[in-house]
1. So which residues in the range 229-247 are assigned to a loop (DSSP other than H, G, I, E, B) and away from the ligand (no atom under 16 Å from the Cβ)?
2. Is at least one residue of the range 42-50 at pLDDT below 95 and either in contact with a helix residue (DSSP H, G or I) (Cβ under 8 Å, 6 or more places away or on another chain) or open to solvent by 10 Å² or more (accessible area, probe 1.4 Å) (or both)?
3. Which one of these does residue 151 not meet: (1) within 18 Å of the chain's Cα centre (by Cα); (2) open to solvent by 20 Å² or more (accessible area, probe 1.4 Å)?
4. Within the range 191-207, which residues are over 28 Å from residue 144 (Cα atoms) and open to solvent by less than 20 Å² (accessible area, probe 1.4 Å)?
5. Using the structure shown, decide if residue 272 is within 16 Å of the ligand (Cβ to nearest atom) and surrounded by 14 or more Cβ atoms within 10 Å (Cβ to Cβ).
6. Restricting attention to the range 94-109, which residues are open to solvent by 30 Å² or more (accessible area, probe 1.4 Å) and of a type outside the set (A, V, I, L, M, F, W, C)?
7. Picking from 251, 171, 213, which residue would you name as being open to solvent by less than 30 Å² (accessible area, probe 1.4 Å), more than 21 Å from residue 118 (Cα to Cα) and either within 16 Å of the ligand (Cβ to nearest atom) or part of a loop (DSSP other than H, G, I, E, B) (or both)?
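The values are calculated or read from the model by the stated rules, or taken from the named source; none is laboratory data. Bear in mind that the values here come from a model prediction, so they are computed numbers and not experimental data. Cβ placement follows ideal geometry from the backbone for every residue including glycine, while neighbour counts extend to all protein chains displayed. Note: accessible area is taken over every heavy atom of the protein model, side chains too, but ligands, DNA and RNA are not part of it. Shrake-Rupley method; radii C 1.70, N 1.55, O 1.52, S 1.80 Å.
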Amino acid sequence: MTEATVTELAKPKAPTLPDAQKITYVKHWTDRLFSFRVTRPASLRFRSGEFVMIGLMGDNGRPLLRAYSIASPSWDEELEFYSIKVQDGPLTSRLQHLEVGDELIIRPKPVGTLVHDALLPGKRIWFFATGTGFAPFASLLRDPQTYEDYDEVIITHTCREVGELTYGAELIDSIRKDEMLVELIGAENLAKLRYYPTTTREESTKMGRITDLMRSGEVFKDLGIDPINQDNDRAMVCGNLAFNLEIKAILEEFGLREGANSDPKEYVVEKAFVD
Ligand code: A2P
């Protein structure tokens with residue numbers, strides 16, 4: 001053994017993060033919103049719509065983790081996340097400075113209720129999102145199963161301002177135009193997709209909270225369809241707490257019941273991450 005090798009062996013190893021993956025792409029959409037892509041752990045299998053715990057090493061030497069919906073579909077080689085930036089948020093105040101090549105902790109144990117298995121078969125699926133609640137639907141909308149299981153796929157997205165719709169709008173556009181996605185999902189299947197964005201605090205082509213537009217019946221009129229009913233309609237909901245509670249009440253009024261992985265019914269709900 002040479003002297004150099006002995007020195008090498010004696011040197012303390014640089015600490016490596018547990019479950020660390022590498023950032024491959026970062027995009028800032030507004031001063032409050034950004035998305036990023038990261039290498040996928042070889043062991044990670046998930047159902048489109050699920051979330052995982054992700055984070056960074058805290059100052060106390062312990063991982064600081066939060067639940068994040070995976071925005072990429074289950075067939076994607078990488079993982080995508082869509083996040084808010086909270087200036088004094090323990091994790092997002094740091095996550096927003098991520099750059100390509102940085103490390104991110106991902107615990108490879110996906111869970112969640114926004115999965116097809118938690119719903120009974122139906123004809124029409126609604127995805128109701130506010131803000132970053134769009135993330136799990138960015139995954140589900142790129143999953144061919146969504147279109148195979150339903151005749152119609154409707155995604156509504158309500159944000160305060162027009163700029164906050166861009167991530168979702170570009171994603172819908174890419175689903176319709178990206179050659180690879182069109183081939184994977186099928187042009188006939190993609191014809192089932194309806195996109196219904198609304199804003200509440202800035203002028204846009206459709207204004208108002210989706211909850212109000214449902215109560216007044218305006219959304220059904222705009223889309224030229226019958227109101228929601230228990231036989232045909234299934235729904236997944238992801239947004240802020242007040243929105244989730246209000247949509248739940250509305251869906252129940254239409255006769256839909258909340259399901260779970262172990263007990264599939266007509267709708268499922270999950271809270272969008274807001275910290
Ligand atoms: P509004 O501007 O009228 O509060 P946030 O950025 O606060 O998470 O909100 C995202 C979007 O969700 C906003 O357009 C907001 O509308 C809307 N929203 C908030 N609370 C509710 C609710 N209880 N029902 C329906 N929409 C809601």
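1. 229, 230, 231, 232, listed by residue number.
2. Yes: one or more hits.
3. For residue 151, the exception is condition (1).
4. Initial filter on the range 191-207 (over 28 Å from residue 144 (Cα atoms)): 199-207.
Answer for the range 191-207, where residues must be over 28 Å from residue 144 (Cα atoms) and open to solvent by less than 20 Å² (accessible area, probe 1.4 Å): just 199.
5. Details: within 16 Å of the ligand (Cβ to nearest atom): yes; surrounded by 14 or more Cβ atoms within 10 Å (Cβ to Cβ): yes.
Spelling it out, residue 272 is indeed within 16 Å of the ligand (Cβ to nearest atom) and surrounded by 14 or more Cβ atoms within 10 Å (Cβ to Cβ).
6. At the first step, the residues of the range 94-109 found to be open to solvent by 30 Å² or more (accessible area, probe 1.4 Å) are 94, 97, 99-103, 107-109.
Matches in the range 94-109: 94, 97, 99, 101, 102, 103, 107, 108, 109.
7. Values: 251 fails: more than 21 Å from residue 118 (Cα to Cα); 171 fails: either within 16 Å of the ligand (Cβ to nearest atom) or part of a loop (DSSP other than H, G, I, E, B) (or both).
That would be 213, the only listed residue that is open to solvent by less than 30 Å² (accessible area, probe 1.4 Å), more than 21 Å from residue 118 (Cα to Cα) and either within 16 Å of the ligand (Cβ to nearest atom) or part of a loop (DSSP other than H, G, I, E, B) (or both).
Residue-by-condition table, conditions (1) modelled with pLDDT under 95; (2) assigned to a strand (DSSP E or B):
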| residue | (1), (2) |
| --- | --- |
| 4 | yes, no |
| 8 | yes, no |
| 13 | yes, no |
| 52 | no, yes |
| 71 | no, no |
| 82 | no, yes |
| 108 | yes, yes |
